[in-house]
Structure formats: C-alpha cells, structure tokens
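The values are calculated or read from the model by the stated rules, or taken from the named source; none is laboratory data. The structure presented is a predicted model; accordingly, all values stated were derived computationally and were not measured. Here the Cβ positions follow ideal geometry from the backbone for every residue, glycine too, while neighbour counts run over all protein chains shown. Just so you know, the surface numbers come from the protein's heavy atoms only, side chains and all, with ligands and any DNA or RNA stripped out. Shrake-Rupley method; radii C 1.70, N 1.55, O 1.52, S 1.80 Å.
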Amino acid sequence: MKTIKIGMIGFGTIGVGVAKILAENRNIIKKRLGAEVELVKIADLDIITDRGIALAEGVLTTSVDEVINHPDISVCIELIGGYEPARTFMLQAIAQGKHVVTANKALLAKHGDELFLAVAQKGLSIGFEASIGGAIPIIRSMREAFVANQIQSIEGIVNGTANYILSKMSDENCDFDSALKEAQEKGFAEADPTFDIEGIDSAHKIAVLTSLAYGTPVPFDDIMVSGISNITADDIDCAREFGYRIKLLAISKYDGHSIDIRVHPAMIPISHPMANVNGSLNAIRVCDDLMEENVLIGHGAGALPTGSAVVGDVVEIARNILHGIGERVPAGSFQNNEIKSIPLKDISEVESDYFLRFSVLDKPGVLSKISGILGNHSISIESMIQKGRAGKGMGVPLVMMCHKASEKNIQSALKEIEELDMVCEKANLIRVEK
Ligand code: HSE
C-alpha cells in the first residue's frame with residue numbers, strides 16, 4: 001500500500017488535533033483513501049511540552065527547513081497562524097514543489113491572491129477548508145457544490161469565541177470576561193483574542209468567502225468591522241423583549257454592481273435560522289439564484305473539528321497525487337483570468353433597521369426631542385421602551401427599534417442627539433438583520 005508523507009509546521013491546538021486524528025482514525029482514512037497518510041515531521045519552537053500524543057523518534061523538530069526541504073514530504077500543513085513567518089514558510093514550501101494546507105484565514109484574507117498564484121504556477125494544490133467554520137465544509141461547497149449558482153448573499157456566525165460569549169451572556173447571565181476565559185481554555189480563541197472580540201477574525205473569514213463567492217479580490221482594510229465589546233446585558237435583555245437575539249454577524253451581499261461587506265453585532269429575529277446557533281457553533285447562510293437558502297451549521301473552532309477539516313484537505317490532495325492528476329478546482333474558485341475587481345459599497349449607503357439604546361434624563365419633552373431629530377433625518381420609529389425611572393440627574397435607558405434607514409442618516413441623527421443636554425452618554429446602535 002502506498003504512503004503519502006506529510007509535514008506540519010506548528011504544533012498547537014489544531015496541530016495536536018491533526019496528529020491525533022491521523023493516529024486514531026488511521027484505519028478509516030486508509031479504507032477510504034486506499035493509502036496510508038504518515039506525518040513524518042512536525043516543526044515547532046516548543047518540542048518539550050507533552051501534548052499527550054505519542055510520536056516516533058525524530059518526528060518533532062525545531063527546524064522548519066526539515067519540513068520544507070524534506071525530500072519525501074509531498075504535503076506541508078501550515079498551522080502557526082498570523083501573516084509572517086507563515087506566508088514565507090508557505091511560499092518556500094510551494095517553491096519546493098509541496099502542496100500546502102492551512103487554517104490561516106488572516107493570511108488568506110491579506111495574501112490569498114499571492115498564494116493562489118504561487119500554487120497555480122507550480123501546478124500544486126492549496127487546501128484551506130479549516131480556515132473558516134472549522135468542520136463546516138463551506139470552502140468545498142463554495143468551490144465545488146455551488147459552482148452553477150450566482151451567489152447573492154452570505155451571512156455568517158463565523159467566530160466561535162464571540163458566539164460563545166454572547167450565548168453565555170444571554171443564557172446564563174455570565175459576565176463577558178469569564179465567558180472569554182472559558183472560550184480561551186477550550187481552545188477556540190485566537191492567540192490575540194481581540195481578533196475574536198473585535199470582529200477581525202470574522203472579517204478575515206468573510207473576506208475569503210466573498211472572494212470565492214463572487215470572483216473578486218477583497219481589499220481587507222476597507223471592510224467595516226465592529227466587535228461585541230460594547231454589547232451589554234441590557235442590550236441582550238432588550239433584544240429578547242423585542243423578539244430578537246444578538247449575534248456577531250459577518251455579512252456579504254452582492255447586488256450585481258457592488259458588494260456590501262461588513263462585520264458587526266446584529267439583532268436577528270428568533271425565527272431566523274441562525275438565532276439558535278449557540279455556544280461555539282458557527283453557521284453560514286448562503287442565498288443564491290438556484291437554491292434560495294442553504295444554512296450550514298457546525299463546530300467552528302477547537303482541535304478536532306478544525307483538525308478534521310485539515311485532514312479532509314490532506315486526503316483530497318493525496319487522492320490527486322495517487323491518481324497522478326493536478327488540481328482540478330481553481331484555488332480562488334474562479335479561473336484566474338475571470339477574477340475581476342467588484343467595488344465595495346460604502347457603509348454610509350447601506351440601509352438597515354436599527355435598535356438604538358439611549359441613556360437620557362427622565363423628564364418631560366425628552367422623547368419628543370429625540371423622535372423629532374430622528375424624524376428630521378427620515379428615520380421612523382417602529383416601537384419603543386423606557387426602562388424604569390431614574391433618580392434626579394441620572395440617566396434612564398430609552399430603547400427603540402427604527403424602520404429601515406440609511407447608515408448616513410442614522411449616524412447624522414445620533415450625532416445631533418448626543419449633543420443634547422438631556423442625553424447622558426453615547427448611544428448604542430445595533431443593526432437589525434431581518
Ligand atoms: N478564534 C476562532 C473562533 C477560531 O473563535 O472561531 C476558528 O477560526
């Protein structure tokens with residue numbers, strides 16, 4: 001029986017998951033592939049810490065070169081994350097004629113074009129299923145299953161850490177910091193958890209999905225990103241009273257002219273297919289001209305779910321190697337000469353419904369003043385709640401749901417409202433996706 005030899009750079013949470021899967025599920029892989037997959041080298045700076053996994057003598061090394069220049073390794077897995085040195089290592093591995101597999105969404109969002117071109121020039125493959133949605137086969141769906149479909153929108157809960165925090169705050173009244181700590185302990189969070197909380201990780205993922213969906217490069221720095229750090233228990237309670245849940249959503253909508261791409265906390269109705277996707281689960285909803293909607297749900301983070309996506313890519317590449325064929329599916333989903341720049345829509349042009357939370361003095365005339373300003377900016381109020389009564393000189397929460405309005409109008413209205421003496425602090429705005 002043939003053996004496909006592979007090497008890995010990075011032996012952290014996902015790397016350990018990959019090594020475990022290759023060892024413990026070796027037989028099922030062999031039965032499906034008709035060959036063995038052997039992990040012959042793993043490079044990591046730390047080769048001392050016991051990861052609870054038995055490896056043959058000489059597999060672990062601190063030298064990346066031993067993976068990249070290994071004559072028998074045909075597939076190199078990159079699991080160190082971040083831009084550099086991950087980018088350099090991958091380009092070096094490709095230059096050495098190795099197929100590559102990665103879970104690195106940050107690198108793909110910023111340097112995907114360069115990596116895709118490098119593998120195409122060498123007739124090699126790049127697998128990156130593990131970069132988005134962990135075990136959810138969204139990349140394969142985009143590149144292969146939805147090949148005839150004109151995609152119109154993608155909405156995703158694509159960060160397990162943020163979803164874990166929001167779900168805990170909502171269901172268990174847990175505070176933000178302890179929910180984050182648990183997510184870190186479970187191995188969901190990024191090395192820098194601000195990437196999870198501030199929406200940057202979700203932005204990396206929606207940038208990659210957008211480029212696969214519409215065949216366009218996505219200038220990452222132009223994506224509007226806002227995280228969950230100013231979501232309070234009060235917002236979550238109010239959302240519930242209005243019949244909504246708050247989720248960190250990554251959104252990409254294409255109207256045939258421009259792409260509305262953004263990441264922000266959003267209120268979604270409890271009847272929405274993703275409203276009950278909780279904990280570290282991820283969900284990605286794709287709408288198009290053929291299947292209307294397709295919602296994929298699964299574990300978006302953690303050693304084994306993400307490791308399973310990595311191993312799936314390795315086996316797919318191994319099949320090509322065994323059959324002596326090159327990559328059949330373009331890395332970026334479209335033929336290289338068909339990738340054209342589609343402009344991104346300016347956020348000020350985007351329209352949505354809004355939830356607004358003000359802290360205002362509890363005295364006559366406040367409501368009419370605020371609603372007057374909203375009206376002057378063509379913003380219509382759908383419903384409103386004033387929560388409790390405040391003591392003299394203290395703020396009371398005033399929350400309202402507003403009908404569809406443009407971001408430009410809502411931002412100008414909020415600026416005017418925040419200047420009023422009767423408004424105690426900056427308003428909180430949460431967009432509503434229906
Ligand atoms: N930090 C990411 C998350 C890991 O929490 O979803 C998976 O990309």
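Does region 137-144 contain at least one residue that is under 24 Å from Ala318 (Cα atoms), within 16 Å of the ligand (Cβ to nearest atom) and among the polar types (S, T, N, Q)? No, region 137-144 contains no residue that is under 24 Å from Ala318 (Cα atoms), within 16 Å of the ligand (Cβ to nearest atom) and among the polar types (S, T, N, Q).
Against the conditions (1) surrounded by fewer than 18 Cβ atoms within 10 Å (Cβ to Cβ); (2) modelled with pLDDT of 95 or more; (3) closer than 24 Å to Ala183 by Cβ, Arg26 satisfies every one except (3). Of the strands (runs of 3 or more DSSP E) that lie entirely inside region 248-305, those containing 2 or more residues that are at pLDDT below 95 span 292-299.
Determine whether region 161-172 contains at least one residue that is farther than 16 Å from Asn278 by Cβ and acidic (Asp, Glu).
no
Number of residues in region 183-221 that are modelled with pLDDT under 95 and buried (at least 22 other Cβ atoms within 10 Å of the Cβ) equals 3.
I'm checking my understanding of the structure. Among residues of region 157-188 that are free of Cβ contacts under 8 Å to residues at least 40 places away in the same chain and closer than 17 Å to Ala303 by Cβ, which one is nearest to the ligand (Cβ to nearest atom)? Out of the qualifying residues, it is Gln184.
As a summary of the residue check, Phe242 satisfies the conditions (1) open to solvent by 20 Å² or more (accessible area, probe 1.4 Å); (2) within 15 Å of the ligand (Cβ to nearest atom); (3) at pLDDT 90 or above; (4) not charged (D, E, K, R) except for the one numbered (2). Of the candidates Ser308, Ser352, Ser333, Ser359, the single residue that is more than 24 Å from the chain's Cα centre (by Cα), among the polar types (S, T, N, Q) and not assigned by TED's automatic domain parsing to the domain that holds Met224 is Ser359. Among the residues of region 266-297, those that are open to solvent by less than 10 Å² (accessible area, probe 1.4 Å) and over 13 Å from the mean Cα position of the chain (by Cα) comprise Ala266, Met267, Ile268, Met274, Ala275, Val277, Val286, Asp288.
Condition check ((1) in a loop (DSSP other than H, G, I, E, B); (2) not assigned by TED's automatic domain parsing to the domain that holds Asp237) across all residues:
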| position | (1), (2) |
| --- | --- |
| Val119 | no, yes |
| Asn149 | yes, no |
| Lys168 | no, no |
| Gln184 | no, no |
| Ala203 | no, no |
| Ser211 | no, no |
| Pro217 | yes, no |
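Residues in region 5-34 that are part of a helix (DSSP H, G or I) and aliphatic (A, V, I, L, M): Ile14, Val16, Val18, Ala19, Ile21, Leu22, Ala23, Ile28, Ile29, Leu33. So Ile136 fits all but one of (1) in a loop (DSSP other than H, G, I, E, B); (2) open to solvent by 10 Å² or more (accessible area, probe 1.4 Å); (3) at negative phi; what number is the exception? Result: Ile136 passes all but (2).
For region 222-239, the set of residues classified as at pLDDT below 95 and either closer than 16 Å to Glu433 by Cβ or open to solvent by 10 Å² or more (accessible area, probe 1.4 Å) (or both) consists of Ser229, Asn230, Ile231, Thr232, Ala233, Asp234, Asp235, Ile236, Asp237, Ala239, listed by residue number.
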